[in-house]
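One structure follows; several queries about it will come next.
Please treat every number below as a calculation from the coordinates, not as lab data. Nothing here was measured: the structure is a model prediction, and the numbers come from that model. Every residue, glycine as well, gets a Cβ built from its backbone with ideal geometry; the counts of neighbours run over all protein chains shown.
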C-alpha cells in the first residue's frame, strides 16, 4: 500500500511539473505592489524565469503602471499588463510572445506667417530624422497620422525660420504653428522650390511654383513685376512674342490653359497688349503652373493649369504696400477686422497714362492708345478651429482707342465664396461658389457700317472637394464640380439709333459641365510614390436655340443646310461625356535624385475662336455642341531630377509627348465676326507636340540664377475628304507658335544686402509665317497670293534686359530695425536695341507700281528705360 501511495504521488508530481513546463503562464513569480514602467515590469518577469520573447522598440517604454497588490504568476502579471496597456501575448513552444499594436492618432493644424497670419501654402511638416511628413494644402492646413509616441517635429517654409518642437502624441491633437520670416528685402517675384528638395520629393512632374517673398529680383518690362513675364523664362512656356496675349505651354494654344484666381476662371489674363498680366504682385500669395501631369481635381482645359491664390490679408496689424512706375501705380491695404480671427485685403492698380505701343517703337501703323485698371479684394473669417470663410472678388477693365473714335473695352469680373470645414483631423473639405464673367464692347462710328458690338461669357460654378488622410502613406481626394455656362457670342447694333440697319444678335449658348473625380496618393515605400485617379466629365447643351442640320455628302456651308430645329428653353440639344484617367509616379533615388513619369487625359468643352495669328480680346468663345467636338488631349511625360551640393544647385531634364484631337481651325477666307453659323467656317483636325526641357538653377550665393532650354515641335493636321475642309493638302504643318529652340538665362549678382544687379537673356527660333507664292492684279491693284500656311519663318528672336535694385536702409540711425521698407528699381529693356521682327506686311510698292514690297514690323526697336519705386509700411 505504501509503495502504491508513493508511486501515485511521484506520478502526479511529475505530471504537475510537466503541466507547468508546458504552460509557461503558470511560471511562479513575485511582483510586489508598487509603480513600474512597462519595460521594468516585463524585465522583472523575465529575470524570475518567465520565458518571454519581445522587442523593446515595439513596446511603449514611457508608460507607467501601478501594481495594486502582489502578483504570484506570470499569467496573472500578463493579464494585468494587457488590461492596462493593450500589450498582447500568445504561447508558442513554451515561449510567451509579446506584441503591441500602437494606437494611431492624427496631428493636424495650420501653418501661418507670424506677422500677418497669412497661410503658408506648401509648408512642410517633418518628423526629424525620418522621411515621414506632409505639406500644407492651398489653405495652410496639414494632417499627419502617426502611432502614439514622442516625436521631434520640424516645420519649414522657404524664407522663414524653422520651428522645432517635441510632441508627445497620446490622442488626436491640433497643433497650429506660426513661422517667423527671416530678415530679408522687399518681396520679389521668384521661382523657388517650396522646400530645398521639393523638386525631388514632389510627386507631380512638370510643375512650377512661383512665389512672392523669396527675394529674386529680375528685370521686368517697364519695371512691372509680373507672373507671366517671369514664367516665360521657364522651359516649355512661351508666347507668340511681344504684343501677343496669353501663354503657349508645351505646344498648346492660349485657350487650353485653365487660369484660376481663387478658383474663379479668368478668360483674358492680359493688359497692355499682352505685355502685363492682370495679376497685381501685391495680392498674390502663390502661383502654381501645372504643365505636365494635371491632378484629377482640375479639368476643362487640355494644356495646363495656372492656379493663383490671393493673399488673405494681415490679421495682426494694418499694412500698406504698393509701387509707382512709368506704366501704372498700385496700392494695397490690408489689416485685421478682428485681430487673429478676421482680416481684409483691398488692392487697386491703374495705368497712369494712355500709353501706346507706338510710343516705344520707331514706326507707327495706327494711333492706338490703351489704359487699364484692376481692383482686388479678399475677406476671411476664422470662425473656429474647424470652420473658415473666404470671400474674394476681382474687377478688371481695359480700354483701347484706335484712331480718333473707335473704342474697345473688355475685362474680367469674378466673385468667389469658399467655406473650409474640417470634419475631423483626417477629413478636410472645401465648398466653393463662383461667379465669373468676361465681356467686351466695340464702338466704331467712323466705318461705313458704323456699329456697336458686344459679347460676354458668364460662369456659375459650384464645387465640393474633400481630402481624406488614411495614414501618412495614403490619402484620398474626391469631389464634384459643376459649371453653368451662359455665352452671348455676339451682338452687332447700329451705332446711330436712327440707322436703318438691323441689329444682329447671335443665339445665346447655354451649357452645363459637370465632373466627378477621385484620386489616391500612396507612398508604397520611402522611394516609390504614386498618385492615380480618374475624372468623369460631361457637357449638356440646352436651348433655347436653333440647330442646323447639314447634308451628309457635302461640306458644311450655308447652302448645305437641310433643316432647322428650334429647341425650346431647357431642351437638351447634345450630351457629351468623357473619362479622364491620370497617373503620376515618382521614384526617389539616393543622393538627391528622382525619376518621375505621368500620363494625363483631359477634355476641353469650350474654345476660343480666332482668325488672327495672335488672338485679340474681342475674339469669341464657343462651347462644344452637336457639330464642334471637345478637345481630347493625352500627354505623356518623363523627367529626371537631381540636386547637387546640398541643394544649392537643382537640375532637371523632362521630355513630353502630347496628342490632341478635335483641334479647331478656321477655313481659308473664314468670316468669324458676328457669324450666325460659326460651324460653317471651322474645321476639325489634330495636333502633336513633343519636346525636351532642361533646367539648371543655383539657389544660393552672391551669384544666383538659372538656365532654361527647350527643344520642341508643335504641328497640326487638317485632313478631310472634302478639299474645302483641308489645310495644306491634309499634311502636318507647324502651328503659329511652333519654336524649335528656346533659351533663357537669368543671373542675379548681390553686391550687398541692399544692392543687386540682375539680367535676362532670351533667344528663340522665329515663329512660322505664311509667305506669298505669287501675286495678281485686281482692279488695278497688285495683291499677294498665298498658298500653304506657315511654310516660312521669321528671323530668330533674342533680347537682353538689365535691372538694378537698391533697397532702403534696413536699420535706423539708432540701430533699430526699420518697420517701413522701400526700394528703387531701374530697368533697361532690350539693352542692345534689337529690332526683333514680329510680322511681315505685304503691299504694292510705292516706288515701283506692280511690284510687291515687304515691310518688317517690330514691336520694339530701341532700348526702353524705366524706374519703379516700391514701398511697404
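How far is helix 2-22 tilted, in degrees, relative to the longest principal axis of the Cα atoms in the chain, given as a value from 0 to 90 rounded to the nearest 10?
20
So what's the projected area for region 506-575, the Cα convex hull averaged over all directions, in nm²?
Spelled out: convex hull of the Cα atoms, projected over all directions, averaged, 8.2 nm².
Taking Cα atoms, how many degrees apart are the long axis of helix 74-85 and the longest axis of the chain, rounded to 10 and kept between 0 and 90?
Roughly 30 degrees, rounded to the nearest 10.
If r is the Cβ-Cβ distance from residue 525 to residue 702 and R0 is 51 Å, what FRET efficiency results, to the nearest 0.05?
Taking R0 as 51 Å, the efficiency between residue 525 and residue 702 is 0.80.
Distance from the Cα centre of region 303-353 to that of region 83-100, in angstrom?
Using only Cα atoms, the two centres lie 61 Å from each other.
Taking the Cα atoms of region 555-636, what is the range of coordinates along each of the three principal axes, in descending order and whole Å?
Here the Cα extents, ordered largest to smallest, are 67, 32, 27 Å.
Sticking with this structure for a sec: Sorted from largest to smallest, which semi-axis lengths in Å does the alpha carbon gyration tensor of the chain give for its equivalent ellipsoid, taking the root of 5 times each eigenvalue?
Values for the chain, descending: 63, 33, 26 Å.
Moving on. Tell me the angle of helix 38-47 to the major Cα principal axis of the chain, expressed in degrees between 0 and 90 and rounded to the nearest ten.
So the inclination is approximately 40 degrees.
What's the percent breakdown of Cα-Cα distances in region 758-839 across 10 Å bins, shortest bin first?
Final binned percentages: 14, 22, 19, 16, 12, 8, 5, 3, 0.
What percentages make up the Cα-Cα pair-distance distribution of region 267-320 when the bins are 5 Å wide from 0?
Reading the bins upward from 0: 4, 14, 19, 19, 18, 13, 7, 5, 0.
Taking the simple approach of a point 7 Å from Cα along Cα-to-Cβ for both residue 503 and residue 384, what is their distance in nm?
So the label points at residue 503 and residue 384 sit 5.3 nm apart.
7 Å from Cα along Cα→Cβ at both residue 569 and residue 793: what's the point-to-point distance in nm?
5.6
Right, next: Rg (Å, one decimal) plus Dmax (Å, integer) for the alpha carbons of region 104-182?
11.8, 35
Along each of the three principal axes of the Cα atoms of region 381-444, give the extent in whole Å, ordering the values from largest to smallest.
62, 16, 12
Quick one: compute a quarter of the convex hull surface over the Cα atoms of region 35-146 and quote it in nm².
Averaged projected area of region 35-146's Cα convex hull equals 10.2 nm².
Something else about it: Set the Förster radius R0 to 35 Å, insert the Cβ-Cβ distance between residue 722 and residue 832 as r into 1/(1 + (r/R0)^6), and round the FRET efficiency to 0.05.
0.10
Then there's this: Using 0.36 nm per residue, how much length does the chain from residue 869 to residue 820 gain when fully extended, once their Cα-Cα distance is taken away?
Net length gain for the segment: 16.3 nm.
Report the extension gain between residue 862 and residue 589 in nm, rounded to one decimal, defined as 0.36 nm multiplied by the number of residues separating them, less their alpha carbon distance.
That works out to 93.4 nm of additional length.
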